[in-house]
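The values are calculated or read from the model by the stated rules, or taken from the named source; none is laboratory data. Please read all numbers here as calculations on a predicted model, not as lab measurements. Don't worry about glycine lacking a Cβ; one is built from the backbone with ideal geometry, like all the others, and counts go over all protein chains shown.
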Amino acid sequence: MADAKVIPFDDDRSRGSAVQRPSRRRSAGSRRGGGVGEGRAGHEVGEVQALPSRARAQDDGSVPREKQRQQPDHLEQQERLEQPHQAAQQQPSAEDGLDRRIAGGLAFLRRRLTGDYEVDDFGYDAELTDNVLMSLLRPVYEKYFRVEVKGIENIPAEGGALIVANHSGTLPLDGLMMQVAVHDHHPAGRHLRLLAADLVFVLPVVNELARKLGHTLACAEDAERLLRQGELVGVMPEGFKGIGKPFSERYKLQRFGRGGFVSTALRRGAPIIPCSIVGAEEIYPMLGNAKTVARLLGFPYFPLTPTFPWLGPLGAVPLPTKWTIQFGEPIPTGGYPPEAAEDPMLMFNLTDQVREQIQHTLYKLLVQRRSVFF
């Protein structure tokens, strides 16, 4: 072993065999990698080369090959130990989320103060609706009325469509809850543009809030324009007859007018989606109607409930009933010719079909309901 360490190595070095060293090192490396086809001579040559290279490495003060071979494993272990710590640092903390919300709120206030926001021709303010108004309605929707939504997949992801729903509850909270249901549960996060009565737009404060939420007058012109723009439009054809009916007639649909909503849908070829709402009838059980007071105030009715007006402002708090909103299968209108919108018989048949489907679903949901409040 001593002879091999002196004679072959010196002979090779003296003959300028440094050019051949890389090939020898590759053979030694392949030997360490576990090559099966190497002979004994290959092992001896590898050992002869390893001894002087170890001596040079130690003389130069560098790391020996044994430690160099162990170093990658040590680095891998260290990287594995550092990965959870780095991942924890990359995850956003609660303070970062709070900072982002504060920054977003300040930016929102700046845009409101400077007027740097958009409002459409109807007065709809999408930013205010998403950031403020929906945030105010959502706790009532989720915690107070605990609304359960069914059939949301029947609402198309894009394009114009007309949602027709029953109307009840003395105060029109059912329209607002339906608006939150579409906004929060639809996969596309669509906005529902409700058609409201004239009274909504003459009341102070209520007028501005209704416009900001995207409501507009219940007229054929506005409805057709929204559908042409690809909006989702909501209408409650019962009007004040439905919302102001006595408690003894709850969940009995009133007349659907003259079918103007059907004519609008036919002109635009928009599908009609029936919607049934259970739970709104009991929030203000209307036991009577003070017609004289209603005429003096200019209201279509003045409700008398078990709590209002006897308890004053406290009587205006709705009862915490459990709601269910179900969207039915769409009724297509795209297959009719343009002149179909002027056919009174067709409009009557489609109106009756929508009404019957809503009424049937209401009865079905009432049979399934076990409690008004739970």
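A compact table of results
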{"quantity": "Strands (runs of 3 or more DSSP E) contained entirely in the stretch 169-284, each with at least 1 residues that are more than 29 Å from the chain's Cα centre (by Cα)", "calculated": "none"}
{"quantity": "Conditions (1) surrounded by 22 or more Cβ atoms within 10 Å (Cβ to Cβ); (2) in contact with a strand residue (DSSP E or B) (Cβ under 8 Å, 6 or more places away or on another chain); (3) farther than 22 Å from Thr361 by Cα: number failed by Val278", "calculated": "(3)"}
{"quantity": "Residue within the stretch 208-225 that is in contact (Cβ under 8 Å) with a residue 40 or more places away in the chain, of a type outside the set (Phe, Trp, Tyr), closer than 23 Å to Pro332 by Cα and touching a Gly at 6+ places or on another chain (Cβ under 9 Å) present", "calculated": "yes"}
{"quantity": "Which numbered condition Arg295 misses (of (1) modelled with pLDDT of 95 or more; (2) among the charged types (D, E, K, R); (3) more than 29 Å from the chain's Cα centre (by Cα))", "calculated": "(1)"}
{"quantity": "Test: residue in the stretch 352-368 that is surrounded by 12 or more Cβ atoms within 10 Å (Cβ to Cβ) and farther than 30 Å from Leu266 by Cα", "calculated": "yes"}
{"quantity": "All positions within the stretch 309-342 that are without any contact (Cβ under 8 Å) to a residue 60 or more places away in the chain, under 37 Å from the mean Cα position of the chain (by Cα), within 21 Å of Ser168 (Cβ to Cβ) and assigned to a loop (DSSP other than H, G, I, E, B)", "calculated": "Val317, Leu319"}
{"quantity": "Every residue from the stretch 135-149 that is crowded, with 18+ Cβ neighbours inside 10 Å and among the aliphatic types (A, V, I, L, M)", "calculated": "Leu137, Val147, Val149"}
{"quantity": "The one condition in (1) within 26 Å of Glu221 (Cα to Cα); (2) part of a helix (DSSP H, G or I); (3) polar (S, T, N, Q) that Thr361 fails to fulfil", "calculated": "(1)"}
{"quantity": "Residues of the stretch 153-195 classified as of a type in the set (Val, Ile, Thr) and either under 16 Å from Thr216 (Cα atoms) or touching a Pro at 6+ places or on another chain (Cβ under 6 Å) (or both), total", "calculated": "3"}
{"quantity": "Filtered residues of the stretch 285-308 (kept if surrounded by fewer than 15 Cβ atoms within 10 Å (Cβ to Cβ), in a loop (DSSP other than H, G, I, E, B) and among the aliphatic types (A, V, I, L, M))", "calculated": "Leu287"}
{"quantity": "Selection status of Pro237, within 29 Å of Glu329 (Cα to Cα), in contact with a strand residue (DSSP E or B) (Cβ under 6 Å, 6 or more places away or on another chain) and assigned by TED's automatic domain parsing to the domain that holds Thr361", "calculated": "no"}
{"quantity": "Subset of the stretch 115-134 that is outside any helix (DSSP H, G or I) and among the small types (Gly, Ala, Ser) - its residue that is farthest from Lys212 (Cα to Cα)", "calculated": "Gly115"}
{"quantity": "Qualifying residue in the stretch 255-266 (condition: touching a strand residue (DSSP E or B) at 6+ places or on another chain (Cβ under 8 Å) and under 25 Å from Leu297 (Cβ atoms))", "calculated": "no"}
{"quantity": "Total residues in the stretch 140-156, condition within 15 Å of the chain's Cα centre (by Cα), in a helix (DSSP H, G or I) and among the hydrophobic types (A, V, I, L, M, F, W, C)", "calculated": "1"}
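Residues checked against (1) of a type outside the set (Asp, Glu); (2) crowded, with 19+ Cβ neighbours inside 10 Å; (3) under 24 Å from Arg267 (Cβ atoms):
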| site | (1), (2), (3) |
| --- | --- |
| Gly151 | yes, no, no |
| Asn154 | yes, no, yes |
| Met177 | yes, yes, no |
| Asp184 | no, no, no |
| Leu195 | yes, yes, yes |
| His215 | yes, yes, yes |
| Glu221 | no, no, yes |
| Arg228 | yes, no, yes |
